[in-house]
Structure formats: structure tokens, C-alpha cells
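The values are calculated or read from the model by the stated rules, or taken from the named source; none is laboratory data. Because the structure is predicted, anything quoted here is derived from the model rather than measured. Every residue, glycine as well, gets a Cβ built from its backbone with ideal geometry; the counts of neighbours run over all protein chains shown. Only protein heavy atoms, including side chains, enter the accessible area calculation; ligands, DNA and RNA are left aside. Shrake-Rupley method; radii C 1.70, N 1.55, O 1.52, S 1.80 Å.
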Amino acid sequence: MSNFKIKSVEEYNAAYQLSVEQPEAFWDHIASHYSWRKKWGKTLEWNFQEPNVKWFIDGKLNITENCLDRHIEQRGNKIALIWEPNDAKEKAVRYTYREVLKEVNKMANILRKLGVQKGDRVCIYLPMIPELTFSVLACARIGAIHSVVFAGFSANAVADRINDSGCKFVITSDGLNRGPKQIPVKAVVDEALVHCTTVEKILVVDRLGWPVNMEVGRDFWYHEELKNVNDQCEAVEMDSEDPLFILYTSGSTGKPKGVVHSCGGYMVYAGYSFSNVFQYNESDVYWCTADIGWITGHSYIVYGPLLMGATTLMFEGVPSYPDAGRFWQVIDKHSVNIFYTAPTAIRSLMAAGVDHVLAYSLHSLKALGSVGEPINEEAWHWYHTHVGKSKCPVVDTWWQTETGGIMISALAGISELKPAHAGLPLPGIQPILVDGDGKEITGNNVEGYLCIKFPWPSMIRTTYGDHERCRINYFATYPNLYFTGDGARRESNGMFRIIGRVDDVINVSGHRFGTAEIENAINQNKKVIESAVVGYPHDIKGQGIYAYVILNDYEENNNNQTRDEIIESVVEYIGRIAKPDKIQFVTGLPKTRSGKIMRRILRKVAEGEINSLGDTSTLLDPLVVEEIVTNRLTTSD
Ligand code: WTA
């Protein structure tokens, strides 16, 4: 099935060359490894002006037949999904491919029975339990468009996402486990729905055995509904370009956007990239620690691994519970061969001390991966030495919600590795660097804005309900290029090193937030007149959130109680994950004469670089900078 797996540097070079010289022929070949109800006609149609990108035109398929049905004959009894609970003492659960297919069919039948149809949007707000995977696939099976919302988002954030895409149905749970804590989930949905008019029904999974408010005619228990359905469900035939899912992500402006991915192209690239980057072999156990609420979980816990017939592990808990050895304990327990996590997790486990790692053998590991933010060299070496015992390749995978799959990365065990470098692009991916005018910067040892100049199958198709927003955000900055929002260096050997975001997006523990989004949340507080948020380097999180806030009554409100209230506003409007780390009260913000906030100055102050603030003479009120510098908060604050 996966003879598109590259096995050597020579094969990589040949594949890459073919993918650039004859992209259609290249992708035709890759796509032919999947099962299509009807083969596509034309392979690709595109322009980046509108943008309008279509792959595998008129091809018909259902991604779940590729993830499940087609494996039944050869791997029906192979473990597809291992679920490791939050509590190490609770039993892990294993599902074979045959069993996952049955669970997905049952869930799909429940959704159908409760009125969900092809094209309907379904919000999935669930913790990391097997039912989350079943829900995602059940939607795909019947052609409903899933919109998974990370279960750490607040009611307000859930409501925004439901309203933006007009979800008709919600799948949720009574509550969730997070380390030692149990947290309500259904109650958050109830609160969100006060502000939503489109939702007709809610399906509730019983995770904690909690009594929850159930509205008759609207709310249904999953375990009750299971009694009334069978485990057969014919998959709905989808067009290659039909939307598969929406996933909200933050950009530099306004509220989060619903990134839309298509059925055919996303499938082809998710499987291809998974197989090649991780060099998955038939008997490997693979574990990605992301949450399915983010793109990494979509592509590399659910779709990519299942498309390739892999055994994928799903973990309900957190790295620090019951102690900082949990990841390593789980690796030994399930003999994990391939492990994919985020730099922020590595740094926090590093800080907890190497003894937690040394307590486990980790001998099953063959390859390690990193994703979500630049990995610093120290963390890379710690990961490589202590977790990988200096024998496992560490692949640093660069990609985005919008790209659907890994774009720049080493292939485990094949490509040359360089710490903190993502490396070379995957076949089919054509990254370039441009200067501020959009002119291509050629050669090596250069730095610029990272763009992609040719379409790839799993690229964003639109932003839900607002195509113009997609054009402006990604395709208008530089004509005929997809702009990533990242800056990068190309080193002497053509390897890419990602520097980080060049727009107003902060990457906190691998989670993206727009500064404007956090400012909006802060400004909800009545005591706040205006705020400006910037990122600053943070030892564990990669970037921390630094907020400068103007209060309506400085003397009265300049205190920690106001700080707590501001944090509460952010928790209420976005969620705990976006809490500011530092809040500095100021009497003014550095603004140009036209009223634009000079974030560059605020960023420098937050970074502690107060001797390189640059020219401040053009500011409306240069004195505010002095005050901001004097009262700045440092690492110890
Ligand atoms: C950053 C996560 C450096 C980058 C898959 C990108 C990275 C944003 C890496 C996308 C990496 C992701 N090295 N930076 N290996 N991977 N990023 O949409 O800034 O949550 O633009 O997708 O994370 O974040 P997103």
C-alpha cells in the first residue's frame, strides 16, 4: 500500500525533482495509492489570485473508507487505536481496525438518526477520549463537516466558533480529566449555547459519571443512543473538493478564522507526509501527544496514521501527572516506537530533571519528532540524548493549520539532521524566501519571509464563510505566493531554519494567538481603556504574553486585584491557555502621530532590550516610553 515511502536520500532527491518538474504526474502517482470510488479527471487547477485551488478534480471518495474499510482485509485485527487514560491506574483500551470501524459506524448512525446530514457543520468539543476520534471519523463518514474545538476554550470562544460556521449539532462530554483535576465540559456548552441559535441537538458522552443538565428533546446521552443503532453504516460518497473539516486558528487580525480543508487533497497529503516523515513501519506503535483540538492531532493522531494502517496512541492526560515521568512511562508501557511532541513539553520536562527520564528504558523508541514552534538547540540535544539515547533521529517538522500537513522536515533516519533546523521541504512543496517587496531571495545563507510558490494537495481552500479573508490573509501580501507569516533562514546546504512569526501572532506553548484577540479579551474589563499585547521569550512556553494596559483610574486600580480581574476576562473570553504572563499598567502607549501602536518598542521592552529601542522621536508622546521602561516587568516579576 505505501510504496510511496522514500527509502534513501537518492529517492528523496528523485521524488523532489519529479514533484517540481512534473507536479501533476507526481501527485497522480501518490494519489493512486488510495482507494477512490471514482478516479479524478484533471489533477490540478489553480491560481493564487482568487485563490482557487482544486486537486483531483471530480474524484469521488470517502476518507473513512481509506482510514478504515480498506485495511479490514489485511489488518482487521491489528490495533488501530490505543487509548491511555489520564489516571495511570485506569486500564488502557485497545481497538482493532475492525472495532474502530464499528464504533465509527455506530456514532455515524447516531448522528444520522439525530438529523445530521451531508454538509452540516458539527462542533466537537470533547476531551482526549476515544469518542473524539470516533466523532471526527463519524462526521467524515456521513459527509458532515467537523469543527473540533479544543476543550480548553471558554464558552465565549465555543459560541464564536459555533456561530461562525453555523453548527447544527454539538458533541461533548459531561466533564474531563486533566491531571489531578476534573473539569466541567457540558456546562461550558450550555453556557455557549445561550448565545447560539443554530444548534439543534447535543450528544453527550459520559466520561466522569457526573450528573449534568440535560434538556429534553435537545440533549442526548451517547450511551443511551448506542442501544438503538447497529454497527453498519455505508460511507457517503464525497467529491474530492468537498470540505472535510473546519479548524479555527488565530491570525494577526480580528477573531479566529475557520480554515477549511478538502476531502481528497487533505487525505492524499496527510497519509503521504505521515508515512515519509516518520518512516512508519507496519508493526510500529506511534504516539503523537498533541490534542485533536489542534491541526497536529487531526493530521497526525487521526487521519495520517489511520490512512497508513498504523497503530496510533491517544493520551488523555498531561505530561506532569502523576509526575514528570508520565510520557516515558507510557512509552515503555506501550512499547512506543515513534514519538511526536512539542518543544514546550520537552522544555518543561527538561526543567523537571533528567532523573524522570532515566527511570525508564525507552528502548522501543526509533524516531522522535517535534512540532509547533522552533525548538531551541538545548532542548533538541536533551531530547536527542536523553529520550532518544543518541540513536533516534529527531525530526523538526514545520507546518501550519493552513498547510494541513508537514511541509519542511527531515525524513526520520534518511535526511541529514541539524539541531533547530526543520531541514528540506517534502517532495511537492516549493518554499521560497522573499524580501519586504516580495522579491525572491535566491542562494543560500539568506534570510527572508517564508512563502510557498506552488500549490500542494492539503493546502487551505478558504476561510469559512469569507473567502476574501483567506485571500487577504495568505495570498495578497505577495502576489502569486502563499505567505506563511513566518520568517526563515536558508543555510548553506539549502536547509531551512524557521525563525518564527513575523506578524502579530504569538505562539505560546505551540498555541497560536493573535495579539488583537487577547487585547479584545483584556478590553472587556470595565477598568481597561486600552491595551497592547506582545510576545516575549519564555523559557518553557517559547513565548510568553506581555500585556501593557491603560486603566481608566490608574491610582485606584493599579493593583494585583485588577491584574487578576484582567486575567479572568481573558479566561472568560478565550480560555485558560491565553492567560497573560505579565501585565504592566501604563498611562499611555507609544503611538505614531497617525495613532498606530509601535509594537516594536513594546516588544523590545518586554524582551528586556531597552538599549536598542530605536528612534522614538517620531512618537506622538516620546515620554511614555520612559515610563514604560522604568516600570517594566522583568523575568523575576
Ligand atoms: C510555528 C502547528 C518552528 C510557525 C502545526 C507556524 C514552527 C505556526 C514549527 C503554525 C517548527 C510550527 N519550527 N516553528 N517545527 N512548527 N511552527 O497552525 O510559526 O498551530 O507558522 O500549526 O507554528 O501553528 P499551527
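Structure notes:
- Flag if GLY443 is modelled with pLDDT under 95 and more than 12 Å from the ligand (Cβ to nearest atom): no
- Single match in ASN493, ASN480 (criterion: away from the ligand (no atom under 12 Å from the Cβ), closer than 30 Å to PHE4 by Cβ and modelled with pLDDT under 95): ASN493
- Taking strands (runs of 3 or more DSSP E) as the structural unit, those lying wholly within segment 500-550 and holding at least 1 residues that are open to solvent by 50 Å² or more (accessible area, probe 1.4 Å) and within 16 Å of the ligand (Cβ to nearest atom) correspond to 528-538.
- Within segment 218-247, the residues that satisfy the criterion of being over 17 Å from ALA144 (Cβ atoms), in contact with a Lys or Arg (Cβ under 8 Å, 6 or more places away or on another chain) and open to solvent by 10 Å² or more (accessible area, probe 1.4 Å) are ARG218, ASP219, LEU226, ASN228, ASN230, ASP231.
Let's see how each residue does on (1) open to solvent by 10 Å² or more (accessible area, probe 1.4 Å); (2) on the phi < 0 side of the Ramachandran plot; (3) at pLDDT below 95:
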site	(1), (2), (3)
THR344	yes, yes, no
SER348	yes, yes, no
GLY353	yes, no, no
VAL357	no, yes, no
LEU365	no, yes, no
ALA379	no, yes, no
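- When GLY317, GLY372 are checked against the criterion of being away from the ligand (no atom under 16 Å from the Cβ) and closer than 27 Å to ILE183 by Cβ, a single residue qualifies: GLY317.
- TRP27 being of a type in the set (Phe, Trp, Tyr), outside any loop (DSSP other than H, G, I, E, B), in contact with a strand residue (DSSP E or B) (Cβ under 9 Å, 6 or more places away or on another chain) and surrounded by fewer than 18 Cβ atoms within 10 Å (Cβ to Cβ): no
- For beta carbons closer than 7 Å, sequence separation of 6+ or different chains, a first residue in segment 291-307 that is aliphatic (A, V, I, L, M) and a second that is in a loop (DSSP other than H, G, I, E, B) and near the ligand (Cβ under 10 Å from one of its atoms), the qualifying pairs are ILE301/ALA290.
- Some residue of segment 565-577 being closer than 19 Å to THR634 by Cβ and part of a loop (DSSP other than H, G, I, E, B): no
- Where a residue in segment 547-559 is more than 21 Å from LYS579 (Cα to Cα) and its partner, wherever it lies, is open to solvent by less than 20 Å² (accessible area, probe 1.4 Å), with Cβ under 8 Å and at least six apart: ASN552/VAL528; TYR554/PHE585
- Residues satisfying the stated conditions in segment 229-260, i.e. in contact with a His (Cβ under 8 Å, 6 or more places away or on another chain) and under 14 Å from ILE295 (Cβ atoms): LEU244, PHE245, ILE246, LEU247
- Residue list for segment 375-397, filter: away from the ligand (no atom under 16 Å from the Cβ), assigned to a helix (DSSP H, G or I) and either in contact with a helix residue (DSSP H, G or I) (Cβ under 8 Å, 6 or more places away or on another chain) or among the aromatic types (Phe, Trp, Tyr) (or both): TRP382, HIS386, VAL387
- Filtered residue count, segment 389-413, keeping only those that are in contact (Cβ under 8 Å) with a residue 40 or more places away in the chain and open to solvent by 30 Å² or more (accessible area, probe 1.4 Å): 1
- Candidates in segment 578-593 are the residues that are within 22 Å of PRO537 (Cβ to Cβ) and not in a strand (DSSP E or B); of these, the one that is most open to solvent (accessible area, probe 1.4 Å) is LYS579.
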